[in-house]
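**Q** Below is one structure. I have some questions about it.
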Amino acid sequence: MTDQFSLPPQAAGPQLGVARRNLELLRTVPELAQRYEGLDGPLTLDGLAALPPLAKDDLNVALAHLEPRAATGATWLFQSGGSTGAPKVGYAPTGFYMAGVYAHWQPLERTDVFVNAWGAGRMWGAHFLAAGLADRSGCQVIALGSVTADEYEDWLAFFAARSVTAIGGTPSVLRLWFARARAAGLELPALRKVLWLGEAWQPQLEQDMAVVAPHARRWGMFGSTETWVVGTNTPDCPADTFHPLPEQLVHVGEGDLLDFTTLNPDMLNPVLRYRTGDAGELTSCPCGRAGAAMRVLGRRDSVVQVRGLGLHVNELIARVEREPGVSRAQVLITEAKGRASGVDVLLLTGQGAAVDLDGLRRELLSATFTLSTAFLHDPESFRVLAVDALVSNDRTGKTADFVVREGS
């Protein structure tokens with residue numbers, strides 16, 4: 001099923017002005033001008049669907065040329081991917097568009113005590129986005145960010161003493177908090193809300209939540225650094241189903257791939273049929289809320305989630321295969337109970353080739369945003385290994401660029 005939009009057709013015309021503006025902006029980018037040549041501004045949804053989709057590399061070319069600036073306040077730059085090269089950036093004004101989110105989704109209240117457990121460094125936007133949401137609610141905020149392995153119990157005891165009512169992070173990070181609390185026999189009786197963003201919800205979380213905080217329920221956001229928050233859900237929605245915000249237009253195109261168009265005139269990234277690599281469908285939500293909801297079916301590109309961050313496998317392999325003596329490379333991700341416990345880069349080398357494995361590992365770990373952040377506290381869990389054979393499918397003989405295996 002193709003060309004489905006989250007916006008009713010009769011409501012499209014007045015709201016597509018931002019899309020027309022973004023088309024004109026993209027036409028000013030020399031590298032992109034030809035692809036949009038002869039295409040009229042999208043006056044209708046059909047016209048929008050006829051435009052070519054925008055990929056991450058296209059958007060970064062556009063942003064490098066346009067250099068957006070916020071009309072008021074600061075212009076914030078954020079990392080928009082786990083590239084092995086220079087950071088690819090996304091832009092946001094002070095406030096991170098959270099006024100529009102909070103108008104339609106209010107998981108936090110003034111009486112809440114909220115722990116912001118998203119990482120705050122390395123140009124990742126989630127921590128600051130959540131801070132913007134908390135600022136709208138007027139609640140108390142503990143801006144915690146990342147912690148080391150030996151700090152969990154002390155912080156959990158502090159959360160209990162402060163009667164923390166809400167916590168937010170990626171599901172991988174949240175699993176660490178709840179698993180540590182359960183193992184230590186600690187409870188958070190006041191906790192009612194678990195906010196999440198950055199990767200798919202992990203059902204295993206529910207088991208530890210039921211023991212540590214039996215009254216807590218999940219509240220989810222879906223988006224990216226390029227689109228910012230596209231949709232939200234509540235405890236009454238399935239974990240994979242989100243309600244698009246009025247300022248975000250969701251389109252389901254060929255191959256069930258989702259693309260996103262901003263309708264927010266303050267958006268600094270020119271998001272016009274921007275394709276993240278996620279597949280999905282429009283559906284009705286069991287929560288009973290009116291309007292089309294978006295069910296996310298998973299990734300359809302080479303970006304894989306490693307501890308809540310996107311690792312660009314193709315870029316990583318392309319860098320490694322440029323190394324003299326390397327004939328083929330593969331990324332092997334080892335998961336334990338749904339979480340990446342380690343990442344190995346496997347190398348096939350030519351006969352007699354002397355590849356500096358330690359030097360290559362250090363380079364990749366320091367230059368790749370996802371790896372440096374995900375393995376900040378256990379860098380030994382990322383390895384570069386020379387092997388006699390890559391992992392292949394015994395039935396088909398195919399060798400994929402990346403393989404995920406279940407560890408102990």
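**Q** Once each part is reduced to its C-alpha centroid, what is the distance from the stretch 205-244 to the stretch 291-345 in angstrom?
**A** 23
**Q** Still on this structure: Among 373, 71, 341, pick out the residue whose Cα is farthest towards the positive end of the charge dipole of the chain, where Lys and Arg carry +1 and Asp and Glu carry -1 on C-beta, about the Cα centre.
**A** Farthest towards the positive end: 71.
**Q** Among 142, 129, 48, which residue has its Cα positioned farthest towards the positive end of the charge dipole of the chain, with +1 placed on the Cβ of Lys and Arg, -1 on the Cβ of Asp and Glu, and the dipole taken about the Cα centre?
**A** 142
**Q** On alpha-carbon atoms, Rg over Rh for the stretch 19-158 using Kirkwood Rh?
**A** We get a ratio of 1.08 for the stretch 19-158.
**Q** Picking from 374, 213, 184, which is most flexible by a Gaussian network model of the chain using Cα springs under 10 Å?
**A** Of 374, 213, 184, the Gaussian network model singles out 184 as fluctuating most.
**Q** Right, here's the next one. Can you tell me the order of 253-262, 360-369 when each peptide is scored by its average per-residue count of other Cβ atoms within 10 angstrom, highest first?
**A** For the peptides 253-262, 360-369, the packing ranking is 253-262, 360-369.
**Q** Could I ask something else about it? For the stretch 90-164, what size does the Cα cloud have along each of its three principal axes, sorted from largest down, in whole Å?
**A** If we take the Cα atoms of the stretch 90-164, the spans are 36, 31, 14 Å.
**Q** Right, something else. Any chance you could count the Lys pairs in the chain whose alpha carbons are under 29 Å apart, treating pairs 8 or more apart or on different chains as valid?
**A** Final tally of qualifying lysine pairs is 4.
A short reminder: the numbers here are calculations on the coordinates, not readings from a lab. Keep in mind that what you see is a predicted model, and the values were worked out from it rather than measured. Ideal geometry is used to build each Cβ from the backbone, glycine not excepted, and the neighbour counts take in all protein chains shown.
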